[in-house]
Structures are given as structure tokens and as C-alpha cells.
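In what follows, a structure is listed as C-alpha cells, so that the remarks can point back to it.
The values are calculated or read from the model by the stated rules, or taken from the named source; none is laboratory data. Since the model is a prediction, treat every value here as computed from it, not as a measurement. So basically every Cβ, Gly included, is an ideal-geometry build from the backbone, and we count neighbours across all protein chains shown.
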Amino acid sequence: MRLYRVRKTVMQMLKDRDYLIVDHDLNMTMLQFKNKHGENMKREDRTINRRKRDDKSDQIYVFFPDEPKVGAKTMKSCITRMNQENLIRAILAVQQNLSPFAETSISEMGSKYHLEIFQETELLVNIKEHVLVPEHRFLTNEEKKTCWRVWAYFLPLIQLIDPIARYYGLKRGQVVKIIRPSETAGRYVTYRYVIQVQQQKPGLH
């Protein structure tokens, strides 16, 4: 079942972003999913709301719109629900490209809300589990606060549109630690500085 696979990837993605996800969320089988929700479930009824593990105030919604091509009505419904809970962050798992109106709405709301759009086809398989994708971990402010400007100047860049950056919900200015296996050292560690678009690296001043 398509929605089951999408939901499973979303749950793992939220866990990797340090949202509170229990084992049952991750380990539910397709049969259990069908028995719980039925064959003809409404996608919008599968909305997910989770909070960060160490910060109850940092919450996120994940919407699964019924509307194949999300338009004005669906966007208004999502925003209304977010306002009711006083949340500013959400993920929309959509079946098709957004309507022009929906795209414009997201652009206009960018300063108030943080809305991430994923095509369901992007979520059928978890990109993190691909054999060629190494482990990624973003550094906390405490870990990078003393030398981040030096790092930002010398480090290679990763853009927000990069698939792995989108998976982890990275933000501009973060530093990502990438861990790869090494035959000689056991593991090989590199770092990337997150930018919005390709740009010059920040200065040291």
C-alpha cells in the first residue's frame, strides 16, 4: 500500500530529526496498518503531530492531503489547523505538483510558516537507507559556536535543495557532520556548511 510506505518513511524522517517517535510508529507492518485504518481510509485522517524529544514547544504537523493536486481549499485547511495549535512548521506529503495558487501561497507565507513539500514518490523509499548515502548528523549550536565562521569559510557546501538536506530538514547556516566507513581508520569524517543556494562562502569577519 502506497500510503503505508510513505508514512513509514515520514516516521523515520521525523525520528532522524529528533522528533518523538515510538517504536510502534516505526515497526507497524502493512497488515497492522490496514487492520487499524481500513482499505478505504481518508488520507487527511492520517495527519501526524509530533514534538521534539527535548523541546515540547517545537512541534510539527505532517499532512497527507486527499486532494490529488493541492489547491486553495487544502492549503487553507492546513494553515487553519496549524493556527489552532499555534504551530509554524509542517510537512505536506502531496500526490502531485502543487497548483499555482498553492505555490504562491507558500511563497507568501514563507516569513511566518515553514512548510516543506514532498512528493509521495520521494517518500516511497527512504533515501537515507541507500547504500551510497553515509550517516549525517547536524552539529548543535554548542558544538559549532566557537569556530563556525572559520568552518563556514573552509568547508564544502551543501544546498538546502539537496535531497539529504531536505530529508533532515536542514537550515541555512548549519554544519553537517558526515561519517563514512574507512578501511584504514574505521570511519572517515567530513563536514558541510548548509546554504540556501549556491553562493560565495561567508567571510571570516
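The table below gives the values:
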| quantity | calculated |
| --- | --- |
| Candidates Glu142, Glu44 - the one that is part of a helix (DSSP H, G or I) and out of contact with any Asp or Glu (no Cβ under 9 Å at 6 or more places or on another chain) | Glu142 |
| Selected residue [at pLDDT 75 or above, surrounded by 15 or more Cβ atoms within 10 Å (Cβ to Cβ) and not in a helix (DSSP H, G or I)] from Val189, Val194, Val125 | Val194 |
| Residue that is among the small types (Gly, Ala, Ser) and either at positive phi or part of a helix (DSSP H, G or I) (or both), where the choices are Ala102, Ala90 | Ala102 |
| Residue list for the stretch 5-49, filter: under 15 Å from the mean Cα position of the chain (by Cα) and among the charged types (D, E, K, R) | Arg7, Lys8, Lys15, Asp16, Arg17, Asp18 |
| Tabulated pairs, the stretch 72-92, first assigned by TED's automatic domain parsing to the domain that holds Gln59 and within 15 Å of Ile60 (Cβ to Cβ), second among the hydrophobic types (A, V, I, L, M, F, W, C) and in a loop (DSSP other than H, G, I, E, B), C-beta under 8 angstrom, 6+ apart or interchain | Ile79/Met109; Met82/Ile88; Leu92/Val70 |
| Selection count, the stretch 49-79, where residues are over 21 Å from Gln119 (Cα atoms), at pLDDT below 90 and not basic (Lys, Arg) | 3 |
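Quick grid of which residues meet (1) more than 25 Å from Pro134 (Cα to Cα); (2) loosely packed, with under 14 Cβ neighbours inside 10 Å; (3) in contact (Cβ under 8 Å) with a residue 24 or more places away in the chain:
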site	(1), (2), (3)
Arg5	no, no, yes
Gln12	no, no, yes
Arg17	no, no, yes
Met30	yes, yes, yes
Lys42	yes, yes, yes
Arg51	yes, no, yes
